[in-house]
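*Asks:* Once you've had a glance at the structure underneath, I'll fire off some questions.
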Amino acid sequence: MQAEILSVGTELLLGDTIDTNASTISRALAEMGVSLTRRVTVGDNRERLLDALRSAASRADLILTTGGLGPTPDDLTKECIAEAFGDRLIEDPQAAETLREFFARRGIPFAQSNRKQALLFESGFGLPNPNGTAPGAVMEKERLIVICLPGPPREMIPMLENSVVPYLRRKLGQDAQVLRSRFLRLVGIGESSASELAGELQESENPTVAPVLRGMEPSFRITARASDAATAESMVAEMEARVRVRIGDYVYGTDDETLESVVIDELRRRQRTAGTAESCTGGLIGHRLTNIAGSSDVFLGGIVSYSNDVKESLLGVRAETLSLLGAVSVETAAEMAAGVRRSLGTSYGLSVTGIAGPGGGSAEKPVGLVFMAVADDRGTVTERHQFGGSRPDIKQRSSQAALNLLRKRILGKIE
Ligand code: ATP
């Protein structure tokens, strides 16, 4: 079965409304293994709508439309479908009754124009809409199926899930497929380098291996299609193993895991605690760690030591370190990490100090230069990074690298 989606509505072309319906429908089709080959958007214009319908039917055997089912004269979807494919619209007594009840319940007068919404295809049937006035409509004519869904997502989504998906699953019968996906979350590598390492695995058609960005963080999505869930899952697992052979060092987690959730989990597992001393990240690392509900058992707190005074007074960074080597130096980072560990009494102290810009850089210490350190009972490890991007980008990248440094230290990956 080959499908196309036709989104109808001038507001979509004007950019006032984002076409979320098309992506919702696309996902539902992909999950069933229906191949979607094109998505088209047209305004509320009769000629262009007719043209788009005929053109879609010349390629596809399933067309799903969204929008244009309302009572007003610019709601044209059903009548254009009837005209394009030689069907008729007739009033459905049950749909008319449902509409009358809908209006009566709300005490709104039933306008003549609303009767239009009770019109269904002669060669087809209606789909109930418990959340609005416009029922959905299906037309089945020879090899072609057209399914009309309403525009408002709060009406469209339940109709898709409760009526369209079961209907299409019945139609597909043996051909219905299931889709299983897994995300591999990466850290310490850029999207293009990760893609290079994955190489020709990304050309595989089933499972597919695709690079995906979550914010600034690269991931790979592995998706397999099969006739049953168990087969799809084992195909994903097998491909995951192949991908990990190449980029396993950079995989910190899967699916919904985040770097902060992994750090908190690893601390909990080992019954260890952490505290942070943040300069250029201004508390961002603490913010991320406290986004994990219940993290207070392992993340005890942090000190935003933005000024040299606070670095000295609360963290015990030596005045000579600051004056001779500077606040942005590997030595300051190391003393900050040891200082916060001492002052909060945690197993690990994590620190960051750097130049987030846009000003404050020099030839020797350019914008984006960031030092970080982790102190624990075995000593202190440090890292130097040179990040690019805007001030918020540098802060985000610093927080990511710092959380990763802590993760690697907890896992015993760096000595
Ligand atoms: P109604 O019965 O409410 O008139 P309709 O089927 O005629 O519904 P439209 O009039 O085309 O739908 O759109 C109604 C509203 O639904 C739009 O103003 C918009 O907010 C939302 N909408 C329409 N199409 C989409 C879409 N493709 N994706 C997301 N939202 C949409």
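The values are calculated or read from the model by the stated rules, or taken from the named source; none is laboratory data. Note that this is a predicted model, so its numbers are computed, not measured. A quick note on method: Cβ atoms are made from the backbone with ideal geometry, for glycine too, and the neighbour counts reach across all protein chains shown.
*Asks:* Pull up the range 129-142, narrow it to residues that are surrounded by fewer than 21 Cβ atoms within 10 Å (Cβ to Cβ) and at pLDDT 95 or above, then point me to the one that is nearest to L64 (Cα to Cα).
*Replies:* Here the residue is V138.
*Asks:* Further question: Collect the residues in the range 158-201 that are over 30 Å from L213 (Cβ atoms) and more than 16 Å from the ligand (Cβ to nearest atom), keeping them in residue-number order. Talk me through it step by step, then tell me what you get.
*Replies:* Step one: of the range 158-201, the residues over 30 Å from L213 (Cβ atoms) are 158-159, 162-164, 166-176.
Hits for the range 158-201 are N162, P166, Y167, L168, R169, R170, K171, L172, G173, Q174, D175, A176.
*Asks:* So T41 ticks every box in (1) in contact with a Leu (Cβ under 6 Å, 6 or more places away or on another chain); (2) over 24 Å from Q177 (Cα atoms); (3) at pLDDT below 95 but one. Which box is left unticked?
*Replies:* (3)
*Asks:* Return the residues of the range 129-157 that are outside any strand (DSSP E or B) and either of a type in the set (D, E, K, R) or more than 14 Å from the ligand (Cβ to nearest atom) (or both); say none if nothing qualifies. Working first, answer last.
*Replies:* Quick first cut of the range 129-157, residues outside any strand (DSSP E or B) only: 129-135, 142-143, 150-157.
Result: E142, R143, R154, E155.
*Asks:* Hey, another quick one. In this structure, is K116 assigned to a helix (DSSP H, G or I), within 16 Å of the ligand (Cβ to nearest atom) and either basic (K, R) or under 22 Å from R59 (Cβ atoms) (or both)? First the steps, then the outcome.
*Replies:* Details: assigned to a helix (DSSP H, G or I): yes; within 16 Å of the ligand (Cβ to nearest atom): yes; either basic (K, R) or under 22 Å from R59 (Cβ atoms) (or both): yes.
Yes, satisfied.
*Asks:* Here's a check for you: in the range 119-128, which residue that is assigned to a loop (DSSP other than H, G, I, E, B) and of a type outside the set (D, E, K, R) is farthest from the ligand (Cβ to nearest atom)? Give the steps one after another, and end with the answer.
*Replies:* Step one: of the range 119-128, the residues assigned to a loop (DSSP other than H, G, I, E, B) are 122-123, 128.
Next, from what is left, pick out any that are of a type outside the set (D, E, K, R): 123, 128.
Details: S123: 21, P128: 14 Å.
Across the range 119-128, the extreme among qualifying residues is S123.
*Asks:* Sort through T65, T72 and tell me the only one that's within 12 Å of the ligand (Cβ to nearest atom), surrounded by 14 or more Cβ atoms within 10 Å (Cβ to Cβ) and touching a residue at least 40 places away in the same chain (Cβ under 8 Å).
*Replies:* On the way: T72 fails: surrounded by 14 or more Cβ atoms within 10 Å (Cβ to Cβ).
Result: T65 is the single residue among T65, T72 that is within 12 Å of the ligand (Cβ to nearest atom), surrounded by 14 or more Cβ atoms within 10 Å (Cβ to Cβ) and touching a residue at least 40 places away in the same chain (Cβ under 8 Å).
*Asks:* Shifting gears a bit: Could you check, for the range 151-163, whether at least one of its residues is surrounded by 13 or more Cβ atoms within 10 Å (Cβ to Cβ), farther than 30 Å from Q400 by Cα, at pLDDT below 95 and among the hydroxyl-bearing types (S, T, Y)?
*Replies:* Looking through the range 151-163, none of the residues is surrounded by 13 or more Cβ atoms within 10 Å (Cβ to Cβ), farther than 30 Å from Q400 by Cα, at pLDDT below 95 and among the hydroxyl-bearing types (S, T, Y).
*Asks:* Okay, moving on. From the set of residues in the range 91-128 that are among the charged types (D, E, K, R) and loosely packed, with under 15 Cβ neighbours inside 10 Å, which is nearest to I81 (Cα to Cα)? Spell out how you get there, then give the answer.
*Replies:* Just the residues of the range 91-128 that are among the charged types (D, E, K, R), to begin with: 91-92, 97, 100-101, 105-106, 115-116, 122.
With loosely packed, with under 15 Cβ neighbours inside 10 Å added as a condition, the list becomes 91, 97, 100-101, 105-106, 122.
On the way: E91: 16, E97: 24, R100: 25, E101: 27, R105: 31, R106: 31, E122: 12 Å.
Among residues in the range 91-128 that are among the charged types (D, E, K, R) and loosely packed, with under 15 Cβ neighbours inside 10 Å, the one nearest to I81 (Cα to Cα) is E122.
*Asks:* Right, another one. Please specify each residue of the range 160-181 satisfying the condition of being assigned to a helix (DSSP H, G or I) and under 23 Å from the mean Cα position of the chain (by Cα).
*Replies:* Looking only at the range 160-181, we keep the residues that are assigned to a helix (DSSP H, G or I), and these are 160-175.
Within the range 160-181, L160, E161, V165 meet the criteria.
*Asks:* Here's a follow-up. Going by the conditions given, is E364 more than 17 Å from N308 (Cβ to Cβ) and not in a loop (DSSP other than H, G, I, E, B)? Lay out the reasoning, then the answer.
*Replies:* Working: more than 17 Å from N308 (Cβ to Cβ): yes; not in a loop (DSSP other than H, G, I, E, B): no.
Spelling it out, it is not the case that E364 is more than 17 Å from N308 (Cβ to Cβ) and not in a loop (DSSP other than H, G, I, E, B).
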